[in-house]
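For reference, the structure discussed in these notes is given below.
The values are calculated or read from the model by the stated rules, or taken from the named source; none is laboratory data. Keep in mind the model is a prediction, meaning the values are calculated, not measured. Note that each Cβ is placed from the backbone with ideal geometry, even for glycine, and that neighbours are counted across all protein chains shown. We work out accessible area using only protein heavy atoms, side chains counted, and drop any ligands, DNA or RNA first. Shrake-Rupley method; radii C 1.70, N 1.55, O 1.52, S 1.80 Å.
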Amino acid sequence: MKLNDKNILLGVCGGIAAYKIPLLIRLLKKQGANVRVVVTRAATRFVTELTLSTLSQEPVCQDIFPDGSSTDEWTRHIAIGEWADAYVIAPATANTIAKLAAGICDDMLSASFITLRPNKPKLLFPAMDGEMFESASVQRNLSWLSEQGCIVVNPESGQLASGQCGTGRMPEPETITDVIEQAVTITQNDSVLRGKSVVITAGPTREKIDDVRFISNYSSGKMGFALAKAAAAKGAEVTLITGPVHLHTPEGVTRLNVESSEEMQNAVREHHTSCDIFIGAAAVADYRPVEAISGKFRKEHETMEISLVKNPDILAGFSEQKKAHQLAIGFSLETAGNLDHAKAKLKQKKLDLIAYNTFDGKTSGFEVDTNMLTLIDNSLSIQELPLLSKQKAAEKMLDAIEKLLNSSK
Ligand code: PMT
């Protein structure tokens, strides 16, 4: 039984394909899964709650607001998200897909989509009229959800409820069961990163000029946080050492806040021996004032000079001392650079992998949500990535790191 004791949350929306769901529940139960069903109001027009709860042997949820007054009912949308090993939405209608993409959570189905634990697979099986499926809004929402890590299984072509032919049919329950089995198994077992200690630096550093001013840069931390989220999703134990940023800590990640490059270096040093993989995604200020002025510097002169001294290179410091089993991964942010600069940094800093980061001030580099990376490993093999969301780019980097780990086995 491939799904033995796995908790599958099944979200059913209001589409004609909902008639296949009772059979899907039976197949999942046959494979040993525990199944709980959440429905939208519209879904109950197509399939009854009585059928779904009888087959799943669990009550069916629809509203966030409970009928009873028991206190655990008030937090059921959270408990359900924590319980699930995978969340399967079938059929996923255009309306629900739009709500999920927008983060709207006004019923149990959409609320538990957000409370699902981060490393658990979310599978969407869109099913609708062919024209609706091809519409710009549905395609945009699906591609955004897939960038966020959802597994979107495209509908099949054939005769639709309207009597017309087109792409919009939900796959048969047997196919859906196979996809769920695959997703649950891959997420749980496959990554060599599972249990590995991954230390990531993120964000900018601040180098004090006086008590109210500092030298810094535009790094938002988004790239480093995306890497932390992706590594945690693969089961790694992640420590995120970050300069001052306004981002939420990804689920399951240990966060250490630092301010200056010196503080960042000290925090990294504490993990030198215990960490398996170090990723330098921070934009560490290259220089700091030789001495910070105490108090607030007075504006008495038209000009002022600040003497700067070079900061230690945190990433190079790690590589210098790393043991054979440890990996050092860095970025090379170049404005007008070329791949040769990145290759030189890979060599100088004795890295296992470097991400050459094109900076264009608009779509790639600081602050924005997307990044354009080219990955170069220590054998100088090159993987050019297109412009991707930082989350997707982070996942690609982790795939490359997994490959390095696998090849060194
Ligand atoms: O934070 P975001 O707004 O999402 O932006 C992401 C990013 C552009 C900051 C990120 O993708 C990135 O490219 N980070 C590295 C930026 C950088 O400082 O590049 P660099 O070429 O100057 O440094 C090379 C490598 O050495 C980097 O891995 C850096 O973390 C590391 N380094 C540099 C200097 C220093 N003193 N210590 C270091 O560890």
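Key figures
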| read-out | value |
| --- | --- |
| All positions within segment 77-96 that are within 12 Å of LYS122 (Cα to Cα) and open to solvent by 10 Å² or more (accessible area, probe 1.4 Å) | ASP85 |
| Residues of segment 318-330 satisfying the condition of being out of contact with any Lys or Arg (no Cβ under 7 Å at 6 or more places or on another chain) and open to solvent by less than 70 Å² (accessible area, probe 1.4 Å) | PHE318, LYS322, GLN326, LEU327, ILE329 |
| Filter result (surrounded by fewer than 16 Cβ atoms within 10 Å (Cβ to Cβ), more than 22 Å from ALA344 (Cα to Cα) and more than 12 Å from the ligand (Cβ to nearest atom)) within segment 364-398 | PRO386, LEU387 |
| Residue list for segment 121-167, restricted to those being out of contact with any strand residue (DSSP E or B) (no Cβ under 6 Å at 6 or more places or on another chain) and either within 26 Å of ALA84 (Cβ to Cβ) or in contact (Cβ under 8 Å) with a residue 40 or more places away in the chain (or both) | SER135, SER137, VAL138, ASN141, SER143, TRP144, LEU145, GLN148, GLY149, ASN154, ALA161 |
| Single match in LEU240, LEU227, LEU256 (criterion: open to solvent by less than 20 Å² (accessible area, probe 1.4 Å) and either outside the structural domain of ASP211 (by TED's automatic domain parsing) or assigned to a strand (DSSP E or B) (or both)) | LEU240 |
| One residue from LEU308, LEU315, LEU333 being under 22 Å from ILE241 (Cα atoms), out of contact with any helix residue (DSSP H, G or I) (no Cβ under 9 Å at 6 or more places or on another chain) and either open to solvent by 80 Å² or more (accessible area, probe 1.4 Å) or within 11 Å of the ligand (Cβ to nearest atom) (or both) | LEU333 |
| Among (1) in contact with a Lys or Arg (Cβ under 8 Å, 6 or more places away or on another chain); (2) within 23 Å of ASN357 (Cα to Cα), the one test that ALA282 misses | (1) |
| Among the residues listed as ALA344, ALA328, the single one being without any contact (Cβ under 8 Å) to a residue 24 or more places away in the chain, within 13 Å of the ligand (Cβ to nearest atom) and among the hydrophobic types (A, V, I, L, M, F, W, C) | ALA344 |
| Residue, farthest from the chain's Cα centre (by Cα), within segment 97-152, restricted to residues that are of a type in the set (Lys, Arg) and surrounded by 18 or more Cβ atoms within 10 Å (Cβ to Cβ) | LYS99 |
| Subset of segment 189-207 (residues that are surrounded by fewer than 19 Cβ atoms within 10 Å (Cβ to Cβ) and either part of a loop (DSSP other than H, G, I, E, B) or within 16 Å of the ligand (Cβ to nearest atom) (or both)) | ASP190, VAL192, ARG194, GLY195 |
| Which numbered condition SER274 misses (of (1) more than 30 Å from THR239 (Cα to Cα); (2) of a type in the set (Ser, Thr, Tyr); (3) under 27 Å from the mean Cα position of the chain (by Cα)) | (1) |
| Any helices (runs of 4 or more DSSP H) falling wholly within segment 1-100 and containing at least 1 residues that are over 16 Å from PHE113 (Cα atoms) and not aromatic (Phe, Trp, Tyr) | 21-30, 49-56, 71-74 |
| Residue list for segment 259-294, restricted to those being in a loop (DSSP other than H, G, I, E, B) and either within 12 Å of the ligand (Cβ to nearest atom) or outside the structural domain of PHE318 (by TED's automatic domain parsing) (or both) | SER260, ALA281, ALA282, VAL284, ALA285, ASP286 |
| Tally of residues being in contact (Cβ under 8 Å) with a residue 24 or more places away in the chain, open to solvent by 30 Å² or more (accessible area, probe 1.4 Å) and more than 11 Å from the ligand (Cβ to nearest atom) across segment 347-363 | 2 |
| Any hit, segment 40-53, residues being open to solvent by less than 50 Å² (accessible area, probe 1.4 Å), touching a residue at least 60 places away in the same chain (Cβ under 8 Å) and assigned by TED's automatic domain parsing to the domain that holds VAL152 | yes |
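Yes or no, residue by residue, for (1) out of contact with any helix residue (DSSP H, G or I) (no Cβ under 6 Å at 6 or more places or on another chain); (2) assigned by TED's automatic domain parsing to the domain that holds SER220; (3) more than 29 Å from CYS150 (Cβ to Cβ):
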residue	(1), (2), (3)
GLN348	yes, yes, yes
ASP360	yes, yes, no
THR363	yes, yes, no
LEU388	yes, yes, no
GLN391	no, yes, no
LEU398	no, yes, no
